[in-house]
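Q: Please find one structure pasted underneath; my questions will follow.
The values are calculated or read from the model by the stated rules, or taken from the named source; none is laboratory data. Here the structure is a predicted model, which is why all the values come from computation and not from measurement. Note that each Cβ is placed from the backbone with ideal geometry, even for glycine, and that neighbours are counted across all protein chains shown.
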């Protein structure tokens, strides 16, 4: 088996002449946390949408576990184990925390949305659901209505629902966006914790988060790969500093 779980080759997306993703060749190593960063408008989210087939590439190829998935549907890709967190983590606010995770677990039984089944029939999933809640630090909130959770805890629940889908590759799109410092620290440590034995590709703007947990970083600018390497390498790359400029450059320099 290849050391790379995900590869793109010259991945390109053009919208009526505007090239949003420009010949991006990406290699995500098994078991790594790989961060995709870049200034606003760099093409990061478009790249994620291509990987999960919410957009069709204009050119290029996508490979997952050595198998080409360029022409697969979003459902086929998810079934292969590529799970993008927000796709299945739109939590149900009026269900309990445990019930939200249990819905993710129901998918493997072929009964994902059989809400009408008796609680007795679904209770066999409770033990695994509780294991996942323990993994993300939510055991004490199992019976709490999700609507009552603070924002950082909801993000932890979203990660738990993602884990319930048994992903081979987790795609996290700005997992710490909109959080205060305490929640950022908690979710950063959570991502590091759940990465054990898993592979994560994440888009993240917070450079402190990237510096602390990413094994490898790909920098996009104007849709193309500008630099790649560990944090030290990309943080001292003059092209990266020029692309970020101002505040973002200060962030890059400030977390050495």
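Results for (1) out of contact with any strand residue (DSSP E or B) (no Cβ under 8 Å at 6 or more places or on another chain); (2) closer than 25 Å to residue 237 by Cβ; (3) not assigned by TED's automatic domain parsing to the domain that holds residue 233, shown as yes or no for each residue.
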position	(1), (2), (3)
14	no, no, no
21	no, yes, no
34	no, yes, no
39	no, yes, no
51	no, yes, no
57	no, no, no
66	yes, no, no
74	yes, no, no
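Q: Also: Which of the residues belonging to the stretch 85-95 are modelled with pLDDT of 60 or more and in a helix (DSSP H, G or I)?
A: 85, 86
Q: Every residue in the stretch 50-89 that is free of Cβ contacts under 8 Å to residues at least 24 places away in the same chain, within 17 Å of the chain's Cα centre (by Cα) and within 22 Å of residue 15 (Cβ to Cβ), please.
A: 54, 74
Q: Out of the residues in the stretch 166-187 that are farther than 11 Å from residue 155 by Cβ and under 13 Å from the mean Cα position of the chain (by Cα), state the one that is surrounded by the fewest Cβ atoms within 10 Å (Cβ to Cβ).
A: 168
Q: Same structure again: Being touching a residue at least 60 places away in the same chain (Cβ under 8 Å) and farther than 20 Å from residue 53 by Cβ is the filter here, so list the residues in the stretch 3-40 that pass it.
A: 29, 30, 31, 32, 33, 35, 37, 38, 39
Q: Still on this structure, I have one more. Of everything in the stretch 128-172 that's modelled with pLDDT under 90 and in contact with a strand residue (DSSP E or B) (Cβ under 7 Å, 6 or more places away or on another chain), which residue is farthest from residue 209 (Cα to Cα)?
A: 165
Q: Looking at the stretch 189-210, is at least one residue surrounded by fewer than 19 Cβ atoms within 10 Å (Cβ to Cβ), touching a helix residue (DSSP H, G or I) at 6+ places or on another chain (Cβ under 6 Å), assigned by TED's automatic domain parsing to the domain that holds residue 240 and in contact (Cβ under 8 Å) with a residue 60 or more places away in the chain?
A: Checking the stretch 189-210: at least one residue is surrounded by fewer than 19 Cβ atoms within 10 Å (Cβ to Cβ), touching a helix residue (DSSP H, G or I) at 6+ places or on another chain (Cβ under 6 Å), assigned by TED's automatic domain parsing to the domain that holds residue 240 and in contact (Cβ under 8 Å) with a residue 60 or more places away in the chain.
Q: Further question on the same structure: Restricting the stretch 96-112 to residues that are modelled with pLDDT under 90 and outside any helix (DSSP H, G or I), which is surrounded by the fewest Cβ atoms within 10 Å (Cβ to Cβ)?
A: Across the stretch 96-112, the extreme among qualifying residues is 110.
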